[in-house]
Every structure is written in structure tokens, then in C-alpha cells.
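Asks: Sharing a structure below in C-alpha cells format, with a few things to ask.
The values are calculated or read from the model by the stated rules, or taken from the named source; none is laboratory data. Everything quoted here is computed from the prediction, not taken from an experiment. Note: ideal-geometry Cβ built from the backbone for every residue, glycine included; neighbour counts use all protein chains shown. Surface areas here come from the heavy atoms of the whole protein model, side chains and all, with no ligands, DNA or RNA. Shrake-Rupley method; radii C 1.70, N 1.55, O 1.52, S 1.80 Å.
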Amino acid sequence: MTTKDIYLAGGCFWGTEHYFKQIEGVMETEVGFANGHTENPTYKEVYTDETGYAETVHVRYAPDVVSLEFLLRMFFKAIDPTSLNKQGHDEGTRYRTGIYYVDAADLSIINKVYDDEQQHYDQPLVVEHQPLERFYTAEEYHQDYLDKNPTGYCHLPQSLFEFARQARDKK
């Protein structure tokens, strides 16, 4: 099966990863740190907001099952795209929102969804959308965190996970 990759920063990566894992066609997820300026950062270093990294989820998906456009529309349902460096109670540059792509051909879809979403807001969207420059995988205890810790902290409501489980791309 052919797969594609997109990297999405939606605040705390624990909930963002769990959300995307519910969507049919998402084959694999991995949490980590994107587009900062240091080598091999640790969570403790990223947490200082001095490394420039955003908590990010690497989403590997099957484009025959789910489109990038659908995934991006689902992403916008899980974030406040006008909130700079803050999602829920989490604040800091590490919690900024972003769409980081590895395939330049995806940019036209990203721009289309971004422009469509902007129509729903009076304020400008603050979601970065740019090429992925760097990605480092977070420590193992962060991977699948909410599966390992079902009552763990999450800025996203449980109802959103159920919504994602039910959502289908009408390709």
C-alpha cells in the first residue's frame, strides 16, 4: 500500500497524535519536534522554548483511503487556528500550530484548505504552513501516550476522538 507523510503541530502532541490515530486511513503516527534550530533536542530542552521546535505529529497515511485535504480539514477541527503559541491551557512556542510538508506537490492542497478555513475567521490564521526542515522523534514515553495513560492530560475533549473515529473521507 502506498503511503504519504504530513507533519502536524496542534498544541500538545499527546492529544493531537491520539486524535489522528482514530482517523480511518492513518496508518502510523509518531510524536516529535519539528523545525527548530538545535540537533537532537530532548523534551526537556524543547520545553524551555529556546530550541525553536514545535511539538509535532508525523502522520503516515494511505492516500487511497484518506486524502490530505480531508486530514487537513480534520486538523482544523482540533485546533484554534487564530491562537498564537497557545492551544487549550498549553502556552509557549512549542505549542504553536503548523502544517509541515515533505512533498512540494502538497502545497497547493495545503494552501486551498488554509484559504478555505480563513473564510471562517475575522482574525488572520496563525498556523504555519511550510516545508519540514527538521524532525526529531520524541522520547519513547511520549509515543502513544494516551493509549498508555488513558486518563492522562489532554487539551482535546474526548468527544473529538469519537468524532475522528466516525469521520470518513467521501473520496
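Asks: What ³J(HN,Hα) values, in whole Hz, does the Karplus curve 6.51 cos²θ - 1.76 cosθ + 1.60 give for segment 66-72 when θ = phi - 60°, with x put for Gly and Pro?
Replies: Result, ordered by residue: 9, 8, 4, 4, 4, 4, 5 Hz.
Asks: Take 79, 109 and sort them by solvent-accessible surface of the protein heavy atoms, 1.4 Å probe, largest at the top.
Replies: 109, 79
Asks: Next question, about the same structure. Suppose only helical runs count, i.e. DSSP H with n ≥ 4. What mean residue ellipticity at 222 nm does that imply for the chain under -39500 (n - 2.57) per run, divided by all residues and rounded to the nearest 500 deg cm²/dmol? Display every interim value, and only then the final one.
Replies: Working: 6 runs with 49 residues, N = 171.
Per the formula, -8000 deg cm²/dmol.
Asks: Okay, moving on. Considering lysine pairs in the chain that are 8 or more places apart or on different chains, how many have Cα atoms under 26 Å apart?
Replies: The number of close lysine pairs in the chain is 23.
Asks: Also, quick follow-up: Leaving out ligands and nucleic acids, and using a 1.4 Å probe, what accessible area per residue does the chain come to in Å²?
Replies: Result: 49 Å² of accessible area for each residue.
Asks: In addition: For segment 12-171, with only Lys/Arg (+1) and Asp/Glu (-1) charged at the beta-carbon, what is the dipole magnitude about the Cα centre, in debye rounded to 20?
Replies: 400 debye
Asks: OK, next. To the nearest 20 debye, what is the magnitude of the charge dipole of segment 96-171 about its Cα centre, counting +1 on the Cβ of each Lys and Arg and -1 on the Cβ of each Asp and Glu?
Replies: Value, rounded to 20: 240 debye.
Asks: Over the chain, what percent of the accessible surface lies on carbon and sulfur atoms, probe 1.4 Å?
Replies: Carbon and sulfur atoms account for 49 percent of the accessible area of the chain.
Asks: Given 25 °C and 0.890 mPa s, compute D for segment 79-147 with the Stokes-Einstein relation, Rh being the Kirkwood radius over Cα pairs; round to the nearest whole µm²/s.
Replies: For these conditions, the coefficient is 177 µm²/s.
Asks: Taking a virtual spin label 7 Å from the Cα of residue 159 along the C-beta vector, which residues in segment 77-115 bring their backbone nitrogen under 19 Å of it?
Replies: 77-81, 88-89
Asks: Something else about it: Quick one: ranking 107, 68 by accessible area, 1.4 Å probe, largest first, what do you get?
Replies: 107, 68
Asks: Could you please tell me the mean projected area of the C-alpha convex hull for segment 42-105, averaged over all directions and given in square nanometres to one decimal?
Replies: Values: hull surface 21.7 nm².
If you wrap the Cα atoms of segment 42-105 in a convex hull and average its projections, you get 5.4 nm².
Asks: Moving on to the next point. Provide Rg over Rh for the chain; use the alpha carbon set for both Rg and the Kirkwood Rh (inverse mean inverse pair distance).
Replies: 0.93
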